[in-house]
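> Let me begin by handing over the structure; questions about it come next.
FYI, it's all coordinate maths here, none of it is from the lab. All values derive from a computational prediction rather than experimental measurement. Positions of Cβ are generated from backbone atoms using ideal geometry, with glycine treated the same way; all protein chains shown enter the neighbour counts.
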Amino acid sequence: MNKYFLSLAAASLVFFSSCNNQTGTQKEPDMKEPKLKVESITYSPDGIKDSLVLDGYIAWDENIVEKRPVVLVVHEWWGLNDYIKRRVRELAGLGYIAMAVDFYGNGKRADNPTDAGNLSGPFYKDPDMAKQRFDAALKAIRSYSQADTSKIAAIGYCFGGTQVLNMANLGEDLAGVVSFHGGLQVVTPGKDKLKAQVLVCHGAADPFVPQAQVDQFRKQMDSVGAKYLFKAYADATHAFSNPDATANGKKFNLPIAYNAAADSASWNDMKAFFGTIFK
């Protein structure tokens, strides 16, 4: 099996809309319904502005006047698509300022596993290159007046889940990271580097992340005294959070499927995690 299948996530719109306000943010029960502001931007990593242009997609609730925590969202191996933009808007509805992070740049997207593997592969081999792209997004979002830059987290799906775990292990100054069905073969954490708390949302039936990989990940985290939570959802396979995963699995002959119970449970686990790290 191609190793890059570890990072598969389906790429399409979701009909998910189960957001509530019990998130640990500054929203109060009597506040108005969210008035979302969305904005597309372009940005570039330091030192290579002429050769690489990255796309950002940012959303926040205009009804909130004070600064609010930041959540960066890293895409699946398909690239920055409508699925990730939907998640950004959902996070904005919860009271955060959220930004979709573009790792590929120059408008690159994939619509088949071969192209997706070719695009995502270099970032597994070169985590420092991934960090450069991530740092560029951090710099962009920190310029927003709505952002509380003392409270920043990152979440990622499949490929993106692996990447946010790597960012934490490489020492990014983050309050926390959440991996949704991401691969767990990650940069070895260093006790002197790891600052972020970690939540892993894992499909217990994911054939791309076998138990041996789970055990090794947990052993690495335990060895440095990391603050982490590991949630495994029964009967959930790879890409369980995306309603289009089942159709994509059939299309590309891959063992992936949407699991509504795991989708809802993992989102709620994320909200509870944010309520803790953003106190």
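> May I ask for the equivalent-ellipsoid semi-axes of region 235-279, computed as the square root of five times each C-alpha gyration tensor eigenvalue and listed largest first in whole Å? Each step should come with its number before you reach the end.
Numbers: eigenvalues 151, 14, 10 Å².
Here the semi-axes work out to 27, 8, 7 Å.
> Another question about this same structure. Where the centroid of each part is defined by its Cα atoms, how far is region 84-126 from region 61-80 in Å?
Measuring centre to centre over Cα atoms gives 12 Å.
> How big is the Rg/Rh ratio for region 40-181, C-alpha atoms only, Rh by Kirkwood, two decimals? Don't skip to the answer; put the middle values down first.
Details: Rg = 14.1 Å, Rh = 14.9 Å.
Computed over Cα atoms, the ratio is 0.94.
> Tell me, Kirkwood radius of the chain from alpha-carbon pair distances, in Å? Intermediate values should be presented prior to the final figure.
Details: mean 1/r = 0.0542 Å⁻¹.
Over the chain, the inverse of the mean reciprocal pair distance is 18.5 Å.
> Under 1.5 on a/c is rounded, so check that first for region 87-140, then, if it is not, pick prolate when a/b is larger than b/c and oblate when it is not; a ≥ b ≥ c are the square roots of the alpha carbon gyration tensor eigenvalues.
Numbers: a/c = 2.67, a/b = 1.51, b/c = 1.77.
Taking the square roots of the gyration eigenvalues as a ≥ b ≥ c, region 87-140 is oblate.
> If you don't mind, there's one more thing I want to ask. Based on the mean of other Cβ atoms within 10 Å per residue, sort peptides 214-223, 147-156 so the most packed one is first. Mind dumping the intermediate values first?
Working: 214-223: 14.7, 147-156: 21.5.
Peptide ranking by packing, descending: 147-156, 214-223.
> How large is the convex hull of the C-alpha atoms of region 142-193 per residue, in Å³? Intermediate results must be reported in sequence, preceding the final value.
Values: hull volume 4.2 nm³, N = 52.
With only Cα atoms used, region 142-193 gives 80 Å³ per residue.
> Rounded, prolate or oblate: which fits region 33-105, taking a ≥ b ≥ c as square roots of the Cα gyration tensor eigenvalues, rounded meaning a/c under 1.5, else prolate when a/b beats b/c? Please list the in-between numbers first.
Numbers: a/c = 2.70, a/b = 1.73, b/c = 1.56.
Prolate, since a/c reaches 1.5 and a/b exceeds b/c.
> I'd like the antiparallel share, as a percent to the nearest 5, of DSSP beta bridges with both residues in the chain.
Given both bridge residues lie in the chain, the antiparallel proportion sits at roughly 30 percent.
> Another question, then. Any idea what Rg and Dmax come out to for region 126-279 if you just take the C-alpha atoms, in Å?
15.5, 46
> Using a/c under 1.5 as the rounded threshold, could you call region 169-239 rounded, prolate or oblate? The axes a ≥ b ≥ c are square roots of the C-alpha gyration tensor eigenvalues, and prolate needs a/b larger than b/c, oblate otherwise. Before the final figure, lay out each step's value.
Working: a/c = 2.29, a/b = 1.76, b/c = 1.30.
Note, shape of region 169-239 comes out prolate.
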